[in-house]
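No value in this document is a laboratory result; all are computed from the given coordinates. Note that the structure is predicted; figures quoted are calculated from it, not measured. Cβ placement follows ideal geometry from the backbone for every residue including glycine, while neighbour counts extend to all protein chains displayed.
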Amino acid sequence: MAGIILTGDTSGEITISAPAVAGTNTLTLPAETGNILTDGSALPAIDGSALTGISGVVTASSIGTSNNSNGYILFDNTLLINWVRKSSASTQTITFPLAFTNYYGVYHGTETAGGAYLRIHSLSTTSVTVGSGGANVTGWVLAFGRKT
Amino acid sequence: MIAKLDSNGVLLGWYLDTDSVEEPKVTVTKEAWQQAIDINANKYVDEKFVCEDLRTDEQKANDNDEIANRESGRQKLKDLGLTDAEVNALIGN
């Protein structure tokens with residue numbers, strides 16, 4: 001196997017070798033200082049904006065350590081989904097984690113088994129006012145719309 | 001994140017740092033935003049987000065009336081001879 005041997009200053013050596021059937025190819029090293037990655041190297045942090053070929057970019061709020069964390073997910077096609085918890089048994093106005101430009105609707109459900117239900121009193125681009133029926137209960141509201 | 005406020009510090013909405021938001025407003029870290037939304041904060045007081053009962057007295061009275069009406073209606077249904085299961089099937093529990 002033809003190769004070039006680079007000897008370490010202290011010990012050892014690295015052999016840069018060509019495959020047995022090498023063809024006619026040119027390997028050009030970058031004109032900059034840095035380390036070459038191998039298949040055993042950990043990938044460095046990569047700026048996601050430089051990536052291509054990804055079908056859709058999603059921006060999501062971090063999910064907190066609590067299961068009760070509110071949050072949102074914003075897709076690059078401007079679809080925005082907010083989720084918020086009605087944490088009070090009484091009627092509550094909850095500010096969305098990220099305001100909509102246009103809102104389309106909400107889905108809601110209680111955290112309590114039985115016939116109680118949530119009721120949407122009003123909905124805006126920035127908040128939802130939600131009460132309950134059948135009993136005073138807590139629950140979740142999932143709202144969707146767009147943010148342009 | 002940017003919190004849009006009214007002149008009394010009531011939270012009117014959350015926006016991205018890149019959004020154009022008119023004053024009054026306050027820009028906070030993502031951690032502060034997460035803490036605020038986790039408590040359903042609705043007001044900015046002394047540089048902190050808090051959750052206060054902002055309902056008017058009329059709204060509170062309406063809510064209480066609704067609770068009272070539900071309980072009185074439930075009792076009337078039971079007085080008519082409906083079982084708890086039948087009442088729950090009709091109006092929830």
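Taken residue by residue and averaged, Cβ atoms of other chains lying within 10 Å of the Cβ of A:119-126 number 1.
Only lysines eight or more places from B:K48 in sequence, or on another chain, were considered; those with a Cα closer than 26 Å are A:K86, B:K4, B:K25, B:K30, B:K60.
Per DSSP helix of 4 or more residues, -39500 (n - 2.57); summed, then divided by the residues of the protein assembly as shown. What does that give at 222 nm, rounded to the nearest 500? Numbers along the way, then the final one.
Values: 3 runs with 40 residues, N = 241.
Computed ellipticity for the protein assembly as shown at 222 nm equals -5500 deg cm²/dmol.
Sites listed here are GluC sites (Glu not before Pro) in segment B:31-66 whose DSSP assignment is loop and whose Cβ has at most 14 other Cβ atoms within 10 Å: B:E47, B:E52.
Going by how many other Cβ atoms sit within 10 Å of their own, how do A:F75, A:F100 line up, fewest first?
On the way: A:F75 15, A:F100 23.
In increasing order of surrounding Cβ atoms, one gets A:F75, A:F100.
Computed from Cα positions, the angle between helix B:57-79 and the longest principal axis of chain B comes to roughly 20 degrees.
Give me the net charge for the shell around B:E58: Cβ to Cβ below 14 angstrom, other residues only, Lys and Arg +1, Asp and Glu -1. Net local charge, B:E58 excluded: -3.
Could you grab the relative contact order for segment A:58-146? Cα pairs under 8 Å, six or more apart, rounded to a whole percent.
Values: 210 pairs, mean separation 29.0, N = 89.
Across segment A:58-146, relative contact order equals 33 percent.
Cα centroid separation, segment A:76-144 to segment B:18-93: 10 Å.
For peptide A:87-96, compute the average count of partner chain beta-carbon atoms within 10 Å of each residue's beta-carbon.
Numbers: counts 4, 3, 1, 8, 7, 6, 7, 5, 14, 3.
Shielding by partners across A:87-96 averages 6.
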